[in-house]
Amino acid sequence: MDKEAIKKDLLDGSNTILEKYGEYELVDSISVMNMAAKTVFLGSLRVHNEDNVKRIKDDLKKEFKNYGDLAIRDEKVVPCCAPKYVHISFNVSITN
């Protein structure tokens, strides 16, 4: 398993999906957790247009399901001094 290649694919795929729906905050990096039995890749996206959330989550599922076990969560965030957004996080677990 080439972890750097998977990390790059997840990063590029996330940004392509965000750009597809006109979201302006792109993903800077994907985190990697190495464990004895598996490797977990963690991504975090900010979606400012709530109408795009379901479509972005669906696209993430289609794009990343073949890598391993995929989990996607979302949460609305309302900061005091910035525009509100929906935080979408995903993790892909790959057995070593």
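Just so you know, all these numbers are worked out from the coordinates, no wet-lab data involved. What you are looking at is a predicted structure, and each value in this text was computed from that prediction instead of being measured. Because the Cβ atoms are built from the backbone with ideal geometry, glycine has one as well, and the counts that use them run over all protein chains shown.
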Taking Rh as the Kirkwood radius computed over alpha-carbon pairs of the chain and applying Stokes-Einstein at 37 °C with viscosity 0.692 mPa s, one gets a diffusion coefficient in µm² s⁻¹ of 238 µm²/s
For the pair Ser29/Lys61, report the inter-label distance in nm, with labels modelled 7 Å from Cα in the Cβ direction. 3.1 nm
Might you report the magnitude of the Cβ-based charge dipole of the chain about its Cα centre, with Lys and Arg at +1 and Asp and Glu at -1, to the nearest 20 debye? 260 debye
Relative contact order (%) - region 1-87, alpha-carbon pairs under 8 angstrom, separation at least six: 24 percent
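When the chain is fully extended, how far beyond the present Cα-Cα distance does Asp12 get from Ala71, taking 0.36 nm per residue of separation? Walk me through the numbers on the way to the answer.
Values: separation 59, 0.36 × 59 = 21.24 nm, distance 1.83 nm.
In short, 19.4 nm is gained.
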